[in-house]
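Structure first, then comments.
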């Protein structure tokens, strides 16, 4: 570790006093390796160890600049004998990295397959929940976050941060329960919060017969690129609001196609809305 620190100091000196193509390439390679290491240790116990190591290196540099000889000597002794400790602490991450290097593109294909399978599961869970609530005529409002962040909406609800399952969503919208009123906000493949309060649409062309859920769905779709799914409490009709437009009378097939466009990129929602002639509008009554 002492040699590593001395090498880092030499690199910094070269960067300031003698930059060249080889030096720039070397720095870029080191930056890439560091980025991959940070990416690999993210959301693992190794990330905390990495942060501690970086903090220790920063203290060593500061102590050297300030002339704190005793503190610098002590820290350098720790770093000088820390290589074996680092190998032990990062053993799972090192093994995972070596496996990735050995498997190459196969790992990426496996991860992509797992991602697609997980996305398909999420789509099926939402479709299953919506269709069951529709048959039972239980009102529901599910907002799926897109590129525009919904942090303010998430924070005004009850935090959940849970996996998406049909059973959990059904329980949330079960009548006479604490989380029944309001919207559920989904970010990616997680239910972030429930009982969220949305701003109602102020558009003048909205029918007075539309209920609060539909008005709230239109409101959030007018100000963000979010996708809002609604189940009417009175009729059981499934609807979707996007871009300030309401499309009603969705069936399970249309809903699945819509969600696949969001999670799998298999289809876009615009052609889907056109595929539903006569079902788009704001003058149809529903609660």
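Readers should treat all values here as calculations from the given coordinates under stated rules, not as data from a laboratory. Quantities reported herein were computed from a predicted structural model and do not represent experimental measurements. Using ideal geometry, Cβ is built from the backbone for each residue, glycine included, and neighbour counts are taken over all protein chains shown.
If you go through the stretch 180-228 and pick out every residue that is in a loop (DSSP other than H, G, I, E, B) and under 15 Å from residue 262 (Cβ atoms), you end up with 5. Checking every residue in the stretch 227-234 against the condition of being surrounded by fewer than 24 Cβ atoms within 10 Å (Cβ to Cβ), under 23 Å from residue 122 (Cα atoms) and under 22 Å from the mean Cα position of the chain (by Cα) gives at least one match. Filtering the stretch 246-254 for residues that are part of a helix (DSSP H, G or I) and within 13 Å of residue 146 (Cβ to Cβ) leaves an empty set. Scanning the stretch 169-201 for residues being surrounded by fewer than 17 Cβ atoms within 10 Å (Cβ to Cβ) and either touching a residue at least 60 places away in the same chain (Cβ under 8 Å) or under 16 Å from residue 128 (Cα atoms) (or both) gives a total of 3. Answer yes or no as to whether residue 159 is crowded, with 21+ Cβ neighbours inside 10 Å and part of a strand (DSSP E or B). When the stated conditions are applied, residue 159 does not pass them.
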